[in-house]
Each structure stands twice: as C-alpha cells, then as structure tokens.
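Undergrad: Okay, here's the structure, questions in a sec.
What follows is calculated from the coordinates using simple rules that are stated; it is not laboratory data. Just so it is clear, the structure is predicted and the values come from calculations on it, not from any experiment. Virtual Cβ from ideal backbone geometry, glycine too; neighbours counted across all protein chains shown.
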Amino acid sequence: MRAFGDVWRSNIFQKWVMALTGLMLVLFLIAHLTGNLLIFMGAEHMNEYGHSLRELLHGSAIWLARGGLLVAFVLHVWSAILLTRRNRAARPQKYVKTDWRTSTMASRSMALSGLLILVYVLYHLAHFTLGTVHSQYYAGQTGWEYTLANGTVVPDVYRMVIASFQEPLITTLYVLSMVLLGLHLNHAVASAFQTLGVTNRRISPLVRFLGPVLGIGVALGFCSLPLAVIAGLVH
Amino acid sequence: MNLRLHIWRQAGPDATGMLKTYDVANVSEHMSFLEMLDVLNEDLIGKGEIPIAFDHDCREGICGTCGMVINGRPHGPVAKTTVCQLHMRTFKDGDEIYIEPWRARAFPVMRDLIVDRGSFDRIMQTGGFISVNTGNAQDGNTLPISKINADHAMDAAACIGCGACVAACPNSSAMLFTAAKVGHLGALPQGQTERSTRAMNMVLQMDVEGFGACTNHLECEAACPKGISVEFIAQMNRDYVASVFGGRD
Ligand code: HEM
Ligand code: SF4
Ligand code: FES
C-alpha cells in the first residue's frame, strides 16, 4: 500500500472529497429549501418549524447538523482551492486562441462562483442566524416574539424574513447569490457523479440532465421567497 | 486558396516564443494540413529561413505523433480527426489560422510546435503493461474473452497517445489518456492481476508529472481523434478509490 498521505494529496482523492462534501451540501440545500417554502403556509407553520429544529433531540440535533455542515463546507472549500491552484499551475502558458466545445461559462468559473457563494454564506449567517448585520430585522430581539397555537413563545422568524426582503438591497444580494448557486450546481451535480464514477453510457444522459434541473430548481425555489414578498403575496 | 497563418515559433525549450505571421499562397484543397506546412517549410528553406518544426510520422492518423492546436482546437476543427488527416478543404480562401503547440506544464515545448510528451511514457512505465506471460500469437485464442469485454477493451485501446486530451483540457489534465490505458487493460483477464496497483501507480504518476485535476468539462472527449469516452474516466475514478481501500500490493 502507498502511504496514506500520498493518496490523500492525490488529485482524484481530493476530487472525491469535493464531490462527497458537495453532494452533502446539495442535500442540505434541498432540506433548507423545503423548510423555507413553509413560508407560504403562514407564520404559524414557519415559526413552529423553526422552533422544532431548535428543540429536536433536546437541542442537540441542530448542533450536530451545524457541525457536520461546517466540516463538509470546510473540506469542500479546502479541496476546491487546492485543486484550482494545481489546475492553474498545470498550464503556465495560456493559448492565444481558445475555442471551447463542451465546457460552459458555469463549468469554467466554478472557483469564482464558489468563492462568491462562500462570501454570501458568511453574510447570510451574519444576517439570519446571528443577527449581526441588519440587526433591526433580527427575530431574536425583544418585541419580535411570536406565540404559537400551543402557547409557546418563539422568535418570529416569519416576520424577520418578510421584513428583510422588503429591503431592496437584501433582496438584490439574495437573488444574485441564488443565480450564482444555480450556476454552480448546474455543473457541479453531473460533475460529482462522474467523479464518484457512478456514471456510464446508459445513465450519463440522465445525470447530465440532473445538474441543470437541480440548479434551476434550487435557485428558483429560494428566489420564490423574496419575489413573493415583493409581490405582496406573503405579508 | 491563400491563407494567413499565425504560427508559434520558439527556438528551444528555454527560449521565449511568439506567434509569427506567414502568408501561404496557392494551397490546394486536397492537401493535408501537414502538407500545407511542408509547402510553407520548402518556401522558408528556399529563403534561407529556419523551417517550422512539427511532429509527424505515419500521416495516416494511427501513430499519435502529430498534433497542434489550430484556432483553439487540438487537431483542428474536424471531430475525430488527427491533424495529419485534416484536409485543407475544411478551410477557405482568405482564412486566418492560429497554430500553437499543446500547452501543459507536463508537455514542455522543445521547439516551435514540438512538445516533449515523455510524461505520457513515464505514466505508462508505472503501470501501462501486464507482467503475465501471454505466449505467442496463437495462444491468444486459447483464452476466451466475451465480445462485450473485447469491444470495451478495443474502445480504450484505440487511444494513440497523441495528447490532444491534455491540450484540450482547461486544466491540462491527463485523465482521458490514463483512463484509456487503465480501462483497456482492466477490461481483459490478463490485466486483472495488476489492476489495482496499476490504477494507483498511474494516477499518482499523473500528479507527479504536474497534470491538472479533472473538473469534468468533457473537452477531452470532444477533442480526442479516436473518440475515447469519458466513461473510462468514471471507471478509473472507481478503480483508483477501490485500490485505495481494498488494494493489494
Ligand atoms: C452551498 C454551497 C455549495 C454547494 C452545494 C456545492 C456543491 C458542489 C458540488 C456538488 C460540486 C461537484 C464536485 C465534483 O465535481 O467532484 C462542487 C464543485 C466545486 N465547488 Fe462547490 N459547492 C458549494 C460551495 C462552494 C464554495 C464555497 C466553493 C469555494 C471556494 C466551491 C468551489 C467549488 C469548486 C472549485 C468545484 C470544482 C468544480 C468542478 O470540479 O468542476 N463550492 N461544488
Ligand atoms: S485519449 Fe484521445 S486525445 Fe488523449 S492521447 Fe489518447 S487518442 Fe489522444
Ligand atoms: S502523424 Fe501519425 S497520427 Fe498523425
């Protein structure tokens, strides 16, 4: 056997790390989106859902999930930066003329879309989770309590989302970031399956179809919230 | 037809190169691309200039020696065609054509359009062979191989090692070439003994040579003159990780 260090550093192994963590993040996004869409069922459902997440397994579930996500995210970004740097170094002299056949804007700018998503995620956490930016809309502040049907008093997440998206700056940043996320996923999903070697001649067309479907689906799904708020459909 | 060519000229491995412009007149549409360059070279020699260096051998699309990037596409605009089989009828009078060498850290330019593809040889030396004795020609028929496996192995064995996949890849990755070799031997019974160490060693050697990592743009498959499928890359990804976790050695 080769030393584990050799294997760990190898390009294909790092690709596996990136693909597995990327797919974990995709699964998380789908769960996150499903939760967000509860906004269309009204304040009671959304706030009750937010509360149950914080209460699950006596409050430990949310920390387990956060820990897992953090590890996945850090590994994903780590392998992405490592491989992108190696790939840049692999062609020191560029072509004067290029004429791409199959690669796309999205596939050639994964590192850029990824880094912008990273910046967005930090901002997003500071906004909705920690309340350090746009703190005037933070659901954890006094005066923003919501009383559930069963009498429990919880933070009014529903109000926070709606109040935030009534601010054009927040909505613009959000929608732009979701477009980037859609572009990232557009290439990422099929790429991950190919990296993991689960593709072959028969299922490749299906897998290549899945990327755009998930990319557009996730981006549109997340964007439906701010758009509905602006259109006055939820208030 | 008359053409204007912009060709990469570089005197040696350490010299700085640049594109130089040449006008060629009266090019016949029946010429191959390399014959067109031959004509230009005759002309340069006649004028006492140094001819353009480019690699070529069989000129019938089977040896893998030729290769240059034409208007941003390795081996030129026609799919599944080596540059020696590319005919001038694909171009038209007045065209401007950019001709550059393969670009990769692992393929250093030796001179003009010639690059050193020794990195491919070194990848082959780490695992692109079998060590079992297969006997003489007639012994080949004593080992039955299913049509499916034989076809699959042949699809991979069609690789001529030209390096267009590396040249086409935005990451200069050698995955398609290496996967074709791993997939070829891995599809046959004779290749099973060393299957796991082969995948491991060839993959690690690719990294050592400084080829990039695959990000699945699929440019390699589109540029490959033999149409090697990226399906083999998926298979090598599986074989490599299998060898990490279950490999014997
Ligand atoms: C929610 C966030 C994210 C999700 C769901 C996600 C998902 C994915 C997936 C599934 C892949 C495919 C892996 C593969 O091809 O093997 C991928 C690739 C990649 N990701 Fe992300 N990613 C996210 C954030 C980021 C961030 C923050 C970065 C930043 C630095 C990044 C950079 C990359 C790069 C460079 C690739 C490689 C592209 C390729 O192989 O074609 N991603 N991502
Ligand atoms: S895989 Fe295709 S492009 Fe790459 S070396 Fe082999 S024949 Fe050339
Ligand atoms: S010269 Fe042999 S393949 Fe072109």
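Undergrad: Among B:Asp139, B:Asp112, which comes first, second and so on when ranked by fewest other beta-carbon atoms within 10 Å?
TA: By the 10 Å Cβ count, ascending, the order reads B:Asp139, B:Asp112.
Undergrad: Given B:Gly163, B:Ile114, B:Pro144, which one lies farthest toward the positive end of the charge dipole of chain B, if we put +1 on the Cβ of every Lys and Arg and -1 on the Cβ of every Asp and Glu?
TA: Among B:Gly163, B:Ile114, B:Pro144, the one farthest towards the positive end of the dipole of chain B is B:Pro144.
Undergrad: Continuing with the same structure: If packing is taken as the average count of other Cβ atoms within 10 Å, what order do B:166-174, A:19-27 fall into, highest mean first?
TA: Descending packing order for the listed peptides: B:166-174, A:19-27.
Undergrad: May I pose another question? Could you line up B:Met202, B:Met31 from fewest to most neighbouring Cβ atoms inside 10 Å?
TA: B:Met31, B:Met202
Undergrad: Enumerate by residue number the trypsin sites (Lys or Arg not before Pro) in region A:57-164 meeting two conditions: DSSP loop (anything except H, G, I, E, B), and at most 13 other Cβ atoms within 10 Å of the site's Cβ.
TA: Here the trypsin sites (Lys or Arg not before Pro) that fit, given the DSSP loop and packing criteria, are A:Lys94.
Undergrad: Based solely on its DSSP helices, what 222 nm [θ] is calculated for chain A when runs of n ≥ 4 H residues each add -39,500 (n - 2.57) and the sum is averaged over all residues, nearest 500 deg cm²/dmol?
TA: -22500 deg cm²/dmol
Undergrad: Compute the helix-to-body angle for B:195-209: its Cα long axis versus the longest principal axis of chain B, expressed 0 to 90° and rounded to tens.
TA: Long axis of B:195-209 versus the principal axis of chain B: about 30 degrees.
Undergrad: Under 14 Å between alpha carbons, and skipping anything fewer than 8 positions from A:Lys94 in its own chain: which aspartates and glutamates qualify?
TA: Reachable aspartates and glutamates: B:Glu100.
Undergrad: To continue, here is another question. Between beta-carbons, use under 15 Å as the cut-off and find the net charge around A:Ala61, counting Lys and Arg +1, Asp and Glu -1.
TA: That sum, taken over residues with Cβ under 15 Å, equals +1.
Undergrad: On to the next question. Taking other Cβ within 10 Å of each residue's Cβ, how do B:Ile50, B:Ile62, B:Ile160 sort, fewest first?
TA: Placing the least packed residue first, the sequence is B:Ile50, B:Ile62, B:Ile160.
Undergrad: Angle, helix B:147-157 long axis vs. longest principal axis of chain B, Cα atoms, 0 to 90°, nearest 10?
TA: 40 degrees
Undergrad: With both bridge residues required to lie in the protein assembly as shown, what share of the DSSP beta bridges run antiparallel, to the nearest 5%?
TA: Beta bridges within the protein assembly as shown, antiparallel portion: roughly 75 percent.
Undergrad: Which trypsin sites (Lys or Arg not before Pro) does region B:158-249 hold that lie in a coil by DSSP with at most 14 other beta carbons within 10 Å?
TA: Sparse-neighbourhood loop trypsin sites (Lys or Arg not before Pro): B:Arg248.
Undergrad: Rounded to the nearest 20 Debye, what is the dipole magnitude of region B:3-100 about its Cα centre when Lys and Arg each give +1 and Asp and Glu each give -1 at the C-beta?
TA: Roughly 260 debye for region B:3-100.
Undergrad: Still on this structure, please answer the following. Which of A:Lys15/B:Lys20; B:Lys20/B:Lys181; B:Lys92/B:Lys181; B:Lys92/B:Lys226; A:Lys15/B:Lys147 have a Cα-Cα distance over 31 Å?
TA: Beyond 31 Å between Cα atoms: A:Lys15/B:Lys20; B:Lys20/B:Lys181; B:Lys92/B:Lys181; A:Lys15/B:Lys147.
Undergrad: Given DSSP loops and a limit of at most 15 other Cβ atoms within 10 Å, what is the longest stretch of chain B that contains no such GluC sites (Glu not before Pro)?
TA: Segment B:61-249 is the longest.
Undergrad: By how many nm would the segment from A:Ala111 to A:Leu220 grow when fully extended, if each residue of separation counts as 0.36 nm and the alpha-carbon distance is taken off?
TA: 37.0 nm
Undergrad: Report, as an integer, the average count of C-beta atoms from other chains found within 10 Å of each Cβ along A:186-193.
TA: 2
Undergrad: Simple spin-label model, 7 Å along Cα-to-Cβ: B:Lys80 to B:Asn41 in nm?
TA: Using points 7 Å along Cα→Cβ, the separation is 2.9 nm.
Undergrad: Same structure again: Indicate, rounded to the nearest 5 percent, the antiparallel portion of the DSSP beta bridges found entirely in region B:3-100.
TA: Looking only at bridges with both residues in region B:3-100, the antiparallel portion is about 75 percent.
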